[in-house]
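The values are calculated or read from the model by the stated rules, or taken from the named source; none is laboratory data. Computed from a prediction, not measured in an experiment: that's the story for all the values here. Using ideal geometry, Cβ is built from the backbone for each residue, glycine included, and neighbour counts are taken over all protein chains shown.
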Amino acid sequence: MYEDFFGLSHRPFPSVPSLVGYVETESHLEAIETLLRCVRRDEGVGTLISAPGLGKSTIALRLHEELEDEFEVVRLNSGHCGSRRALLQAIAYELDLPCRGLEEGELRIQFAEYVERLDSRRMTGIVILADEADLLPIRLLEELRLLTNFASKDRSRVSVVLLGSMSLEERLASPYLMSFNQRIGARTFLQSLSTAEVANYVRQQVQDAGARRTIFDESAIGTITQRSQGVPRLVNQICDHALLLAALGDETTLDADAIEEAWADLQRLPAPKRQIRTDSAHTTDSMIEFGSLEETKPEPLNEYPSVVRFEERSLAEEQEEFSPEAAEEPEVELAFQNATNPFDEQFEKEEVVIDRFASLGDQDVRGIRRVVSPRNSEIAAFLVGSEDNPAEVEVVQPSYSNAEGMVVSRDFSTHSTGFTDWDDRDIIVIDSKEKRVEEPQHPKMPAPRRRTYRQLFSQLRRQHA
């Protein structure tokens, strides 16, 4: 769209990974050389870790280009494989092998047969470049490890290179991938571009596209580096959008304001204000937009000696100087409330409590109600026996008990309680005369007759029928 306006043969800043106009940076060069050495010398699994947008997919294209003459290269562009069968199907598709309608075991046998035929094709082995490997589940990473077990002539016939974000490094640290982690022979990382690398990248891309003059000035390069943070993907987006807006506005050279406008348009931010350029002949140093500024002379600087002598002072003066100032008023005020007596309460009416048992005193107990029990004789015999022989008492069992007599040893020796007057208000008088408590007589109920019930139920059935 803007190629004709700037005289370019193609878009200099593509939105997809491409080797057209590839600019090799120091970080990219180091990663490519390390991974190539790892694959060719069979050092194990290679990994490339970087933040998004730094060029992992571009490096995968470079590795494919460098290794395709020696190895069968398999590029797995997406890590969204849900099962081992899907992973083996993707590998078979890249190797131009049948992949539809085959089970996991059949795909594995087919891959093993293909590895055995590599010598006839004069290929060293198979290289699997797994892009976005951080999205692969642990079981599929373990499946890739198992594929590296195919070996012949003292080297592995299958090499694996994993390319992913920082989360791939965390996943490889899992205890379930300990065996896989031990096979990693090369770890590489990508860094963001510096200001010099951004300037070289932008100018090289424009020159490869056929530009005959400078399109981005120095201020534009600095703004591109600031807004993109050295990420090549963002550099491509900003530059491509800035060229588009410049073509629409008939601007042949892009400065910092054009880059800010493109960045604001990409992020849907308010458009930045452009600085208005004026000629120096029509401006004065003492005038601004709304008035003039008065010329003020700078205040003179106080001159201090280079050496300061210490004066001798007494310890009392030092202590007085650093002692805290006394407060005019107390900092903490203590407030106490008057305590009240909870028992000093005035009652309108007093209630006199009289103990009705205290008035009895030593009165005669003959008027007290007697307690009658049907076992009075047994209790009396027990008490009399305790007076004659207080050490051993034979308990008289009732006539209805079949248990044998039991001798109970009791000690009724008198102890001095310290009281001379006995309180006999709790004495219970026991009458030795046995009185039978007559049970109430209940009228006897006649026994029910079955015939009467049968007649009653028959009558009820007829009524309801």
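Scanning for something among the β-branched types (Val, Ile, Thr) and part of a loop (DSSP other than H, G, I, E, B), does the range 25-43 turn up at least one residue?
Yes, that holds for at least one residue.
Being in contact (Cβ under 8 Å) with a residue 12 or more places away in the chain, surrounded by fewer than 20 Cβ atoms within 10 Å (Cβ to Cβ) and in contact with a Gly (Cβ under 9 Å, 6 or more places away or on another chain) narrows it down to one of Ser9, Ser57, so name that one.
Answer to the check: Ser9.
What are the residues in the range 64-89 that are in a helix (DSSP H, G or I) and either of a type outside the set (Gly, Ala, Ser) or over 40 Å from the mean Cα position of the chain (by Cα) (or both), if any?
His64, Glu65, Glu66, Leu67, Arg84, Arg85, Leu87, Leu88, Gln89
Could you list, in sequence order, the residues of the range 1-41 that are closer than 28 Å to Gly125 by Cβ and either more than 41 Å from the chain's Cα centre (by Cα) or modelled with pLDDT under 90 (or both)?
Within the range 1-41, Pro17, Ser18, Leu19, Tyr22, Glu24, Arg40, Arg41 qualify.
Give Ala133, Ala173, Ala151 a once-over and let me know the one that is surrounded by 17 or more Cβ atoms within 10 Å (Cβ to Cβ) and either closer than 30 Å to Ser228 by Cα or at pLDDT below 90 (or both). Break it down into steps so the answer makes sense when it comes.
Numbers: Ala173 fails: surrounded by 17 or more Cβ atoms within 10 Å (Cβ to Cβ); Ala151 fails: surrounded by 17 or more Cβ atoms within 10 Å (Cβ to Cβ).
On inspection, the qualifying residue turns out to be Ala133.
For Ser120, only one of the following conditions fails: (1) within 19 Å of Arg139 (Cα to Cα); (2) modelled with pLDDT under 90. What is its number?
Status for Ser120: all satisfied but (1).
How many residues does the range 188-200 contain that are closer than 30 Å to Val160 by Cα and buried (at least 17 other Cβ atoms within 10 Å of the Cβ)?
Qualifying residue count, the range 188-200: 4.
Would you confirm, using the coordinates I've provided, whether Arg212 is surrounded by fewer than 20 Cβ atoms within 10 Å (Cβ to Cβ), assigned by TED's automatic domain parsing to the domain that holds Ala246 and part of a loop (DSSP other than H, G, I, E, B)?
It is true that Arg212 is surrounded by fewer than 20 Cβ atoms within 10 Å (Cβ to Cβ), assigned by TED's automatic domain parsing to the domain that holds Ala246 and part of a loop (DSSP other than H, G, I, E, B).
Can you say whether Leu129 is closer than 20 Å to Asn149 by Cα and not β-branched (Val, Ile, Thr), as far as the supplied structure shows? First the steps, then the outcome.
Numbers: closer than 20 Å to Asn149 by Cα: yes; not β-branched (Val, Ile, Thr): yes.
Judged against the criteria, Leu129 is a match.
Here is a list of conditions, (1) of a type in the set (Val, Ile, Thr); (2) closer than 28 Å to Gln229 by Cα; (3) assigned by TED's automatic domain parsing to the domain that holds Leu36, and Val202 meets all of them except one; can you say which number that is?
For Val202, the failing item is (3).
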